[in-house]
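Engineer: The following block contains the structure, expressed as structure tokens.
The values are calculated or read from the model by the stated rules, or taken from the named source; none is laboratory data. For clarity, every value in this text was computed on a predicted model and none was experimentally measured. Counting neighbours? That spans all protein chains shown, and the Cβs are built from the backbone with ideal geometry, glycine included.
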Amino acid sequence: MKNWEKLEADVNKILTKHYTSGRSGAKVNKVIVHYNAGNLTVEGCYSVWQTRAASAHYQVEDDGRIGQLVWDKDTAWHAGNWNANISSIGIEHANRSDGTITEACLDNGAHLVAAICKSYGLGRPQWLKNVFPHKYFSPTSCPGQIYGSQKNAYIERAQYWYDKMNGKNPSKPSTPTGSTSSGSSTSTSSGKEYTGTGFGGKYQCTVSALNVRTAPDTSAEVVAKYTKGQTVTLDDWYKINDGWVWGRYTGGTSGKKRYVAVGKPTGKAESDDYLIKVGSTAGSTKSVDTLAQEVINGKWGSGNTRKQKLEAAGYDYDAVQKRVNEILLGKSSSSSSKKSNTTIAKEVIAGKWGNGDTRKKKLQAAGYDYNAIQKLVNQML
């Protein structure tokens, strides 16, 4: 970098498309880390992203050279999740064939994370607080070993640079860049446990195969599987760890504690969770117009209570409230202002409509033909 304090990259190679101007009113509150799944240069990323509907703000080469491809003030298409895109800075890293990154790439990538955290007032870098792996938001292996064997080394280096940039005199971490240290505060087993929240109960599996593990960790041994439609009764206990909410039960035969990934820690039940609580409304597919009418009729309460109820049921509060306001002002159905399939397909690629079943439900609830949109998306990619 030419200037870490001012976030001036070694080279600026700004894309002319495949990003969104501005941030839709959102503020930067996180950094999302990626790997190239290859060893690309800044110029190589530019070439790819000019022809493919994807982008990131920065690229860190294997020798540590950093390039900027989307200005921080604009929204890069990197997380596969629109809300994450508009509130984050995306950093790509060149990687080796085994998914690891070089020492130079790790050091400068982590230094960039620290500089961003300082510049935007995000606080000291910490995994799953203000620094996230791409796979937290999308079903992907990205960022490879940056969130695997190099996970601890990367965040410890970012913390070192953050402390140094804030006037402290820390000792440089000695953790090898290709290993993890089980005693670190960023260890995959360091997530917080919760009890007495009403989490327990009967759940139904929504995926073809859900692994049962010996510990609440994606690296723990798999001892069984649940298949779609099967049910399991979980304890009133859960743990957020490694980017997942983990549930627990006691095996009927073994008598041992077993753990399953329920879904992402979004703070509420989601329609694409791996396990849905029996009786939950998370899978509901009411349209925005239907919900708006129910709100007007008083079904969802008012003020913050309304917001909490809608979000707990898995709905987009802002979209529903916007439609309520339109109806009360005498505006016609939102279907009259539907966007073209091509426009929606581009929004899907940019991550605005989510992934998997969530994407399908959102598109259908908004009155779009999911199959037609997905076909266009596949053609564009």
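Engineer: Out of Lys331, Lys352, Lys322, report the one residue that is of a type in the set (Lys, Arg) and at pLDDT below 80.
Structural biologist: Details: Lys352 fails: at pLDDT below 80; Lys322 fails: at pLDDT below 80.
Sole residue among the options that is of a type in the set (Lys, Arg) and at pLDDT below 80: Lys331.
Engineer: Can you pull out the residues in region 85-103 that are modelled with pLDDT of 95 or more and small (Gly, Ala, Ser)? Reasoning before the result, please.
Structural biologist: Going residue by residue through region 85-103, those that are modelled with pLDDT of 95 or more are 85-93.
Selection gives Ser87, Ser88, Gly90.
Engineer: Examine region 61-74 for a residue that is closer than 24 Å to Gln150 by Cβ, touching a Gly at 6+ places or on another chain (Cβ under 7 Å) and either surrounded by 22 or more Cβ atoms within 10 Å (Cβ to Cβ) or of a type in the set (Val, Ile, Thr) (or both), and state whether such a residue exists. I'd like the intermediate steps shown before the answer.
Structural biologist: To start, the set of residues in region 61-74 that are closer than 24 Å to Gln150 by Cβ comprises 61-69.
Cutting the leftovers down to touching a Gly at 6+ places or on another chain (Cβ under 7 Å) gives us none.
No, region 61-74 contains no residue that is closer than 24 Å to Gln150 by Cβ, touching a Gly at 6+ places or on another chain (Cβ under 7 Å) and either surrounded by 22 or more Cβ atoms within 10 Å (Cβ to Cβ) or of a type in the set (Val, Ile, Thr) (or both).
Engineer: To continue, here is another question. Considering only residues that are buried (at least 18 other Cβ atoms within 10 Å of the Cβ) and at pLDDT 85 or above, look in region 190-203 and name the one that is farthest from Lys129 (Cα to Cα). If you could, list the steps in order and put the result at the bottom.
Structural biologist: First, pick out the residues of region 190-203 that are buried (at least 18 other Cβ atoms within 10 Å of the Cβ): 191, 199-200, 203.
Among the residues that remain, those that are also at pLDDT 85 or above are: 200, 203.
On the way: Gly200: 25, Tyr203: 28 Å.
Out of the qualifying residues, it is Tyr203.
Engineer: Need the failing condition index for Thr218 against (1) loosely packed, with under 14 Cβ neighbours inside 10 Å; (2) modelled with pLDDT under 85, just the number.
Structural biologist: (1)
Engineer: Right, another one. Do we have Lys129 as at pLDDT 90 or above, assigned to a loop (DSSP other than H, G, I, E, B), basic (Lys, Arg) and surrounded by fewer than 23 Cβ atoms within 10 Å (Cβ to Cβ) here?
Structural biologist: yes
Engineer: Could I ask something else about it? Would you confirm, using the coordinates I've provided, whether Ala94 is surrounded by 23 or more Cβ atoms within 10 Å (Cβ to Cβ) and in contact with a His (Cβ under 8 Å, 6 or more places away or on another chain)?
Structural biologist: In short, no.
Engineer: Now, a different point. Give region 137-150 a look and list any residue that's surrounded by fewer than 24 Cβ atoms within 10 Å (Cβ to Cβ) and either charged (D, E, K, R) or part of a helix (DSSP H, G or I) (or both), or say none.
Structural biologist: Scanning region 137-150 gives a single hit, Gln145.
Engineer: Determine, yes or no, whether Glu311 is assigned to a helix (DSSP H, G or I) and at pLDDT below 75.
Structural biologist: yes
Engineer: Can you tell me how many residues in region 351-370 are within 15 Å of Pro139 (Cα to Cα) and either of a type outside the set (Lys, Arg) or in the same structural domain as Tyr136 (by TED's automatic domain parsing) (or both)?
Structural biologist: Summing the residues that are within 15 Å of Pro139 (Cα to Cα) and either of a type outside the set (Lys, Arg) or in the same structural domain as Tyr136 (by TED's automatic domain parsing) (or both) in region 351-370 gives 7.
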